[in-house]
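Single-structure report; data block below.
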Amino acid sequence: MAISFFALLYGKKKRPYALYTLYFLSLCMLPGISVQGQDRVYRNILTSHFQKLTEASPSVKATRESLEQLTDSLYGKIEIQAVSLPLVFHIFNASSGQPLVTQGDIDLQINALNRDFNKQDYAERHPADTKEGFSALAADMQIQFCLAKPAGNYASLDPIHYLNTNRSSWPADHSVQLPDSGGVAPWNPEQYVNVWIADLEGDASGFAQMPGGPSKTDGIVIDYRFFGIGSNTHDQYKQGKTLTHLIGNYLNLYPLWGTGRRCSDDGVADTPIHNAPNSGCPTYKHVTFCDGYTVEMSMNFMDNSDDACMYMFTEGQKQRVHALFIEGGARAELLGRGAASCNTSSHFTFSDPSALPEELDDIELFPNPAKAKFSLRISSREGGELRIQVNSAIGQEVYRERMSLQQGRQEYQIFCQNWAPGVYFIQVSSPEGNFTESITIQ
């Protein structure tokens, strides 16, 4: 595993545990730092799952070591190109048969992934962004996500795969991925990003398999209460960033606190070493207990702060991820060189956000970003009823309108002067098709 710049700079000098304890207590007395109350929900990402598998399996360990060596050798040498990755969702309904998440929840979650992996919602929000130079490291990952267009053996199946079960919940292990345990096997994991959504037992939020593990469990498992921005999602995790973090794991990013031993490295040169996951919204100057006491990058998606306070990947993380997509790379087949591809008819083309379903002749959204108002310009062959809905990034509806759509070309204005600054998601439906797009309100 690569040794980070910070580890080389500060070395590996050990500190007495008494000092750690004293330092923690002093931090708790600083403004803005507090021990969380027991009534607060904490996002528990099970990073130990894959670590235990690696330690128990010599073949997985050897594959991981080989992948790390290749990743290190490619650092800074990759000609990065934008990629699109197809998603398949396996959703275990409640025992009553009620779906835990809806099609709308999935649409908004995919939009949130594209927001996060394309730097659409980045802004300097924390003193460390400028004082520690973190803003200069923020990266557009150039990765788009879309609903898969099934092919081959899966051509007749829906990529949003609902499953009825008589179970009220699932253990926080691989049961949902294994047919012998009542779960469902992944679609070809070389060509599809498989996501299982279920009611997980205990306090588990989810877990992901990093590249190099067995195909039968390759993908992401997430508890429905941490998925998307729907009404069931816990408030502080309501911006869809739990799945952003888990897909980061799936794409070979360790959490910033590493795995295994205390203060282990995440293999990325431009991320400070963390001693443990953060929660809430850490204030400045929040430092690590690791050697050097550097300021932690708590706003990085691979930390565990509240959704509102995580908003960046780094250029080093981008290099590490895109090493997977070179020819012969561990995730290269996801790019559509095989049978899998993105569904551009029943869903939206996220690799080109201006593209529309074929049924809808023409629609334009402008200006974007907007301040006091923005416009939708629509052309229609047949006319009919037009429905417009706008949701905030946390799923709150801020605008809804039904109106008559005339034949020909028309323009509708939406006033947003009272909306809080941020990213919003616009959904337009008509008899001729659907359209979804994000807009930034300044």
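Assorted remarks:
- Region 237-254, subset assigned to a loop (DSSP other than H, G, I, E, B) and either open to solvent by 10 Å² or more (accessible area, probe 1.4 Å) or in contact with a strand residue (DSSP E or B) (Cβ under 6 Å, 6 or more places away or on another chain) (or both), residue farthest from L324 (Cα to Cα): K238
- All positions within region 142-196 that are among the charged types (D, E, K, R) and either in a loop (DSSP other than H, G, I, E, B) or open to solvent by less than 60 Å² (accessible area, probe 1.4 Å) (or both): D158, R167, D173, E190
- Among (1) touching a residue at least 60 places away in the same chain (Cβ under 8 Å); (2) more than 18 Å from F227 (Cα to Cα); (3) not in a helix (DSSP H, G or I); (4) not polar (S, T, N, Q), the one test that E124 misses: (1)
- Matching residues in region 214-224 - criterion: being out of contact with any helix residue (DSSP H, G or I) (no Cβ under 8 Å at 6 or more places or on another chain) and not in a loop (DSSP other than H, G, I, E, B): S215, D223, Y224
- Residue match in region 255-271 (condition: part of a loop (DSSP other than H, G, I, E, B) and closer than 15 Å to A112 by Cβ): no
- Complete set of residues in region 226-236 that are buried (at least 24 other Cβ atoms within 10 Å of the Cβ) and assigned to a helix (DSSP H, G or I): F226
- Residue match in region 199-208 (condition: farther than 20 Å from H174 by Cβ and open to solvent by 10 Å² or more (accessible area, probe 1.4 Å)): no
- Where strands (runs of 3 or more DSSP E) fall wholly inside region 374-442, the ranges with 2 or more residues that are under 22 Å from A112 (Cα atoms) and aromatic (F, W, Y) are 422-430.
- Residue list for region 279-295, restricted to those being under 23 Å from D235 (Cα atoms) and either among the aliphatic types (A, V, I, L, M) or open to solvent by less than 20 Å² (accessible area, probe 1.4 Å) (or both): G280, P282
The values are calculated or read from the model by the stated rules, or taken from the named source; none is laboratory data. Just so we're clear, the structure is a prediction, and the values are computed from it rather than from any experiment. In this analysis, Cβ positions are derived from the backbone assuming ideal geometry, glycine residues included, and neighbour counts consider all displayed protein chains. Ligands, DNA and RNA are excluded from the accessible area calculation, which covers all protein heavy atoms including side chains. Shrake-Rupley method; radii C 1.70, N 1.55, O 1.52, S 1.80 Å.
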